[in-house]
Amino acid sequence: MAQKILIGIDIGTSSIKAVAIDPAGKLVAEASSSMNVMVERPGWSEQRPEDWWTGTCAVLRQIVESLDSPDVLGIGLSGQMHSLIALDESFTPVRPAILWNDVRNSEQVERVRSLVTPEQLLALTGNPALEGFTATKLMWMRENEPELFGKVRKFCLAKDYIRFLLTGDLQIEPSDTSGTLVFDVAGSEKSGEMLELLDLEPELLPNIVGSSEIAGRITPEAAKQTGVAVGVPVVGGGADNACAAVGAGVTRQGTGLVSVGTSGTVVIPSDTPITDPGMSIHLMRNATPDNWYLMGVVLSAGAALNWWRSVSGENDFESLVAEAVETEIGAGGVTFLPYLSGERTPHADANARGTFIGMNVGTTRGHMTRAVIEGVTFALKDSFDLMRTMGVVPDQATAVGGGATSDFWLQLMADAFDLPLETVGPAEGAPLGAAMLAAVGAGVFETVEDAANSWLTSEKRVEPDSAATSMYAEEHGKYQELYVDLKETFAHRA
């Protein structure tokens, strides 16, 4: 008897990941394929879209071949935000994709800021102009690769290109397009005014399809390469952060998501579009209807701990954390700024750098490990605190990623944020969220909330300790003062 499954695929920077979930919510198969990043020059970051396709075909074949007569009910896609895929008239990429973390376009960002006032940016897009946003990458192409730019007829995001190769239909969807800087996030449509201000043709953006709406079906050619049957529906899908929130059941106002992966994010859904006058917090369209989310981004979260592990002489994560557990709040006076690759929220400062301060002859590796963990947590707390000043206060949050697997770090975050935290299973993140969107599109569930209620279970819950919360508030103040003291030094040494 055929085994019915929903498949979720995440087109990530470091890998392509796929999960197969049965209609009851059981994880029945998973697969991944590693990706490489090309760094031709400092500040550049590129990938070949054809490598994403090779990886997608590989994970789909692994899923299909690992199961006995699978009946794929639907496929959902998640993907890295912001990365530019520029397509010619036959929808073939004219160059490698310029990724979300590519910062070659600083001049174009400054040009946008000179052309569009902060008030206009806030009203038209809900977001500031930053190197990460897609439109400024396209502007860089126009000014530095005019022959290639002249061939461009459409641009899209990573998962949209893979959906095109699966179905033959090229579309975009709101949650990912929110990160392009030419999308009216509040109105959920292309921003004609923003496109005009940046002298970009509206036709460059494909048509918009809903995240859980069927956007196309597997073509015969795609079926040959993936092993998935012809005609299987593929839904619009969503941005990785939106799908991660869906996959954690964070889809309603009053909930929140804190993710500690390579980077870190704080995501809080809202029933109405709320913008940050200071534009430190991003406003994005969610992958669920009539819903938005506020987002803060820490560029080096788990990456900071991985860096420290590589240079500290202790490669085992659990051993490092065990040493940190034995130290006190405040890490013996050591403070760490986790700005190894600059920072996005709240500083939007590409010049910021990682910093240790406060060591003395009694400082141990455990103190410094704890300082790294506290520093990353404080960077995330910056986003929570900013959102609170905007009137967005969650009752609780779900923690995902590597930080959520550590009881010590989970409790530390709950104490620092002064917020109950929980973990849920299965902990498959963005691919699971993409599979939920596929389940809605395929008619297995009426809404994403129904899918989350059926598939997810609470695994662990921690409450904040008021005494620890008070101590972390004092340490967080010291952490914030350190950036202020060093901001000019960072700029001078850039």
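The values are calculated or read from the model by the stated rules, or taken from the named source; none is laboratory data. Since the structure is predicted, the reported quantities are computational estimates derived from the model, not experimental observations. Heads up, the Cβs are rebuilt from the backbone with ideal geometry, glycines too, and the neighbour counts pull from every protein chain shown.
No other residue among K460, K381 is buried (at least 16 other Cβ atoms within 10 Å of the Cβ) and of a type in the set (K, R) apart from K381. Applying the set (1) under 21 Å from L87 (Cα atoms); (2) among the basic types (K, R); (3) at pLDDT below 95 to R48 leaves exactly one unmet item: (3).
Restricting attention to region 213-228, and to residues there that are over 23 Å from the mean Cα position of the chain (by Cα) and assigned to a loop (DSSP other than H, G, I, E, B), which single residue is nearest to A242 (Cα to Cα)? Checked region 213-228; the qualifying residue nearest to A242 (Cα to Cα) is I218. Determine whether region 48-68 contains at least one residue that is under 19 Å from the mean Cα position of the chain (by Cα) and closer than 22 Å to M141 by Cα. Yes: one or more hits. In region 46-75, the residue that is nearest to V235 (Cα to Cα) out of those that are aliphatic (A, V, I, L, M) and not in a strand (DSSP E or B) is L60. Here A24 meets each of (1) on the phi < 0 side of the Ramachandran plot; (2) at pLDDT below 95; (3) among the small types (G, A, S); (4) out of contact with any strand residue (DSSP E or B) (no Cβ under 9 Å at 6 or more places or on another chain) with one exception, condition (2).
Please determine, by comparing only the residues of region 165-180 that are surrounded by fewer than 24 Cβ atoms within 10 Å (Cβ to Cβ) and touching a residue at least 60 places away in the same chain (Cβ under 8 Å), which one is nearest to the chain's Cα centre (by Cα).
The first filter runs over region 165-180 and keeps only residues surrounded by fewer than 24 Cβ atoms within 10 Å (Cβ to Cβ), leaving 165, 167-171.
Next, from what is left, pick out any that are touching a residue at least 60 places away in the same chain (Cβ under 8 Å): 165, 167, 170-171.
Values: L165: 23, T167: 25, L170: 22, Q171: 20 Å.
Among residues in region 165-180 that are surrounded by fewer than 24 Cβ atoms within 10 Å (Cβ to Cβ) and touching a residue at least 60 places away in the same chain (Cβ under 8 Å), the one nearest to the chain's Cα centre (by Cα) is Q171.
Condition check: touching a Leu at 6+ places or on another chain (Cβ under 6 Å), more than 18 Å from H82 (Cβ to Cβ) and either of a type in the set (G, A, S) or in contact (Cβ under 8 Å) with a residue 12 or more places away in the chain (or both). Does L148 satisfy that? Outline the logic, then answer.
Values: touching a Leu at 6+ places or on another chain (Cβ under 6 Å): no; more than 18 Å from H82 (Cβ to Cβ): yes; either of a type in the set (G, A, S) or in contact (Cβ under 8 Å) with a residue 12 or more places away in the chain (or both): yes.
Considered against the rule, which asks whether it is touching a Leu at 6+ places or on another chain (Cβ under 6 Å), more than 18 Å from H82 (Cβ to Cβ) and either of a type in the set (G, A, S) or in contact (Cβ under 8 Å) with a residue 12 or more places away in the chain (or both), L148 comes out as no.
Take the residues in region 298-314 that are surrounded by 23 or more Cβ atoms within 10 Å (Cβ to Cβ) and either touching a strand residue (DSSP E or B) at 6+ places or on another chain (Cβ under 7 Å) or not assigned by TED's automatic domain parsing to the domain that holds P338 (or both); name whichever of them is farthest from A245 (Cα to Cα). Ranking the candidates gives A304 first.
Residue-level check: of (1) in contact (Cβ under 8 Å) with a residue 24 or more places away in the chain; (2) part of a loop (DSSP other than H, G, I, E, B); (3) within 30 Å of G210 (Cα to Cα), T272 misses just (1).
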